[in-house]
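K.L.:
Provided herewith is a single structure, encoded as structure tokens, for subsequent inquiry.
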Amino acid sequence: MLNRVWVVFFVCALLAILIQLSMGNINVVSDAVAALFNSAKLSAEIALGLVGVLALWMGLMRVGEKAGVVAVFACILEPLLSKLMPEVPRGHPAYGSITMNLTANVLGLDNAATPLGLKAMADLQSLNPNKTVATNAQILFLVLNTSSVTLVPVTVFLYRAQQGAAAPADIFLPILLATSASSIAGLLVVALVQRLSLLNTVVLGYGALILASLLGTVVYLSTLTAQAVGQISTALGNGVLLALIFGFILVASWRKVAVYDEFIEGAKEGFALSIKLIPYLLAMLMAIALLRASGALDYLLHVIASCVAWFGGDTRFVDAMPTALMKPFSGSGARAMMLETMSHYGVDSFAGRLAAIFQGSTETTFYVLAVYFGAVGIRNGRHALACGLTADIAGISAAILVCYWFYG
């Protein structure tokens, strides 16, 4: 799948470049070449930027595992995950890593979520009989990451506040609804492909509990100001991180674990992992950079607008679509598109709000796939990309519908 997708990216970029040249835009050639070299530099910068973070969390996770704290976390979601990942035996360390990764994602702790996710993927890889082909459990875990619910997207609120929004957090509920739709769609399509049964008391019970928790959180946060929401989210996230760190160290020390030595060994693994990611990041970022520089994404946007207009539909949502189209490829690119949309149309305009909802409710699918699979050397992702993009499409569609519902 990845081989075919990579070639398609290059073919689309080449066609877009030829169209631009036929229209007399010769600068597109230099732009494409510059994009290639910039992507090479960016891939190294991202990987090197992960060195410290990966070393930190891989070291702490090793200490937490030796202390038995990670096993305690595994008990939270292991009954549910064992139904969704039947090939992972009960009591396996992967359950603890997955639970901590999903918790970090829900709390919006990106710096912790990625290292914890890579640790979880490595744990799942230990059960993989074919090390270059993704297992069902790895695919489900990746799709959950590309579509995971972020409870309070504080960064989106901050960008809206910087742009002068009257109520920066008023898109909280639309974002939550859209990202929930993405997660549900991702889980359903993976369950369909992998023939997982979701109609059992464990899955339904966890689903009801999660839904009730989300509704309770929405009701509570809706009573607070945007500033209070940001403060609570930041305090909760940082508090969880500090509690984990102190818990790992103190419990490990109490159980006579060689804390310093174990941390060093784990940190070494994190350092090696960050360097290993560079080729995979380079391959994906190079193809994405060519798509952007060639204008291929702009042509796709024009096609969408023409189709909607031809059917007589409301085309206001198209003004925010650059953010939606860019998000699966590049987080920074989508952020730039969102800010540009806010600046051009107004932060509280329909397009400005929809762009913010796109930014807060979808994920960089291609980046996550390259990083997570690249970290463990998987080359054949099977149906992972198709399921991840299906979740993205569901999230984008839900974002559009919710935005019309709330602001249309």
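The values are calculated or read from the model by the stated rules, or taken from the named source; none is laboratory data. This one's a predicted model, so the numbers in the text were calculated from it and none came from an experiment. Quick reminder, even Gly has a Cβ in these numbers, built from the backbone with ideal geometry, and neighbours come from all protein chains shown. Only protein heavy atoms, including side chains, enter the accessible area calculation; ligands, DNA and RNA are left aside. Shrake-Rupley method; radii C 1.70, N 1.55, O 1.52, S 1.80 Å.
K.L.:
What percent do you get for the relative contact order of segment 1-156 when only Cα pairs under 8 Å and 6+ apart count?
P.N.:
For segment 1-156, the relative contact order is 18 percent.
K.L.:
Something else about it: Take the chain, connect every pair of alpha-carbon atoms lying under 10 Å apart with a spring to form a Gaussian network, then pick out the residue of Ile19, Ile175, Ile357 with the largest mean-square fluctuation.
P.N.:
Looking only at Ile19, Ile175, Ile357, the biggest GNM fluctuation is shown by Ile19.
K.L.:
Using a 1.4 Å probe on the protein heavy atoms, what percent of the accessible area of segment 304-408 belongs to carbon and sulfur?
P.N.:
The nonpolar share, carbon plus sulfur, comes to 62 percent.
K.L.:
With all protein chains present, how much of the accessible area of segment 69-173 (probe radius 1.4 Å) comes from carbon and sulfur, to the nearest whole percent? Numbers along the way, then the final one.
P.N.:
On the way: 2290 of 3670 Å².
Here carbon and sulfur together make up 63 percent of the probe-accessible area.
K.L.:
When only alpha-carbon atoms are used, what values of Rg and Dmax, in angstrom, describe segment 92-245?
P.N.:
17.1, 55
K.L.:
For segment 41-116, report the accessible area per residue in Å² (1.4 Å probe, heavy atoms, rounded to an integer).
P.N.:
Heavy-atom SASA per residue in segment 41-116 reads 38 Å².
K.L.:
Continuing with this model, one more query. Return the single residue from Leu18, Leu354, Leu325 with maximal mean-square fluctuation; model: Gaussian network over the chain, springs between Cα atoms under 10 Å.
P.N.:
Leu18
K.L.:
For a quick protection proxy, order the peptides 121-133, 272-284 by their average other-Cβ count within 10 Å, most packed first.
P.N.:
272-284, 121-133
K.L.:
How are the Cα pair distances of segment 66-129 distributed, in percent, across 5 Å bins from 0?
P.N.:
4, 20, 28, 28, 15, 5, 0
K.L.:
Show me the three semi-axes of the equivalent ellipsoid for segment 207-333, from the C-alpha gyration tensor (sqrt of 5 times each eigenvalue), largest first, rounded to whole Å.
P.N.:
42, 29, 12
K.L.:
Using the Karplus curve 6.51 cos²θ - 1.76 cosθ + 1.60 with θ = phi - 60°, what ³J(HN,Hα) values do you get for each residue of segment 123-129, in whole Hz, with x for Gly and Pro?
P.N.:
5, 5, 5, 5, 9, 7, x
K.L.:
For the chain, how big is Rg over Rh, using alpha carbon atoms and the Kirkwood form of Rh? Mind showing how you got there, number by number?
P.N.:
Details: Rg = 21.6 Å, Rh = 22.3 Å.
In the chain, Rg relative to Rh is 0.97.
K.L.:
Whole Å is fine, so just give me how far the alpha carbon centre of segment 343-405 lies from that of segment 70-93.
P.N.:
Distance between centres, Cα-based: 27 Å.
K.L.:
For the chain, with only Lys/Arg (+1) and Asp/Glu (-1) charged at the beta-carbon, what is the dipole magnitude about the Cα centre, in debye rounded to 20?
P.N.:
So the magnitude is around 680 debye.
K.L.:
May I ask which residue of Leu14, Val303, Val69 lies farthest towards the positive end of the charge dipole of the chain, with charges of +1 (Lys, Arg) and -1 (Asp, Glu) on Cβ and the Cα centre as origin?
P.N.:
Result: Val69.
K.L.:
May I pose another question? Give me the one-decimal nm value for the distance between modelled label points at Val308 and Val5, 7 Å along each residue's Cα-to-Cβ direction.
P.N.:
According to this spin-label approximation, the distance is 2.5 nm.
K.L.:
Could you tell me the center-to-center distance, by alpha carbons, between segment 114-144 and segment 29-57 in angstrom?
P.N.:
Between the Cα centres of segment 114-144 and segment 29-57 lies a distance of 24 Å.
K.L.:
Nearest 20 debye, what's the magnitude of the dipole of segment 1-118 about its Cα centre given +1 on Lys and Arg Cβ and -1 on Asp and Glu Cβ?
P.N.:
Numbers: 6 positive and 6 negative charges, 44 e Å.
Rounded to the nearest 20 debye, it is 200 debye.
K.L.:
Right, next: Pick out, from Gly164, Asn128, Leu244, the residue whose Cα sits farthest towards the positive end of the charge dipole of the chain, with +1 on the Cβ of Lys and Arg and -1 on the Cβ of Asp and Glu.
P.N.:
Among Gly164, Asn128, Leu244, the one farthest towards the positive end of the dipole of the chain is Asn128.
K.L.:
Work out the charge dipole of the chain with +1 on the Cβ of Lys and Arg and -1 on the Cβ of Asp and Glu about the Cα centre, then indicate which of Ser182, Ala324, Thr201 is farthest towards its positive end.
P.N.:
Thr201
K.L.:
Shifting gears a bit: Helix-only mean residue ellipticity at 222 nm, the chain, DSSP H runs n ≥ 4 weighted -39,500 (n - 2.57), per residue, nearest 500. What is it?
P.N.:
Calculated from helices alone, the mean residue ellipticity at 222 nm is -26500 deg cm²/dmol.
K.L.:
What list of ³J(HN,Hα) couplings, whole Hz, do you get for segment 12-20 from phi and the Karplus terms 6.51, -1.76, 1.60, once you set θ to phi - 60° and write x for glycine and proline?
P.N.:
With the stated coefficients, segment 12-20 comes to 4, 5, 5, 4, 5, 5, 5, 5, 4 Hz.
K.L.:
With Cβ to Cβ distances under 15 Å as the rule, what net charge do the other residues near Pro328 carry (K, R +1; D, E -1)?
P.N.:
On the way: positive: Arg292, Lys327, Arg335; negative: Glu363, Asp392.
Within the 15 Å Cβ shell, the charges total +1.
K.L.:
Could you sort 285-297, 332-344 so that the peptide with the highest average Cβ count within 10 Å comes first and the rest follow in order?
P.N.:
Final packing ranking: 285-297, 332-344.
K.L.:
Sticking with this one: Step through the residues of segment 86-97 one at a time and calculate ³J(HN,Hα) from phi using the Karplus curve (6.51 cos²θ - 1.76 cosθ + 1.60, θ = phi - 60°), rounding each to whole Hz and writing x for Gly and Pro.
P.N.:
Karplus-based 3J(HN,Hα) across segment 86-97 equals x, 7, 8, x, 4, x, 6, x, 4, 4, x, 5 Hz.
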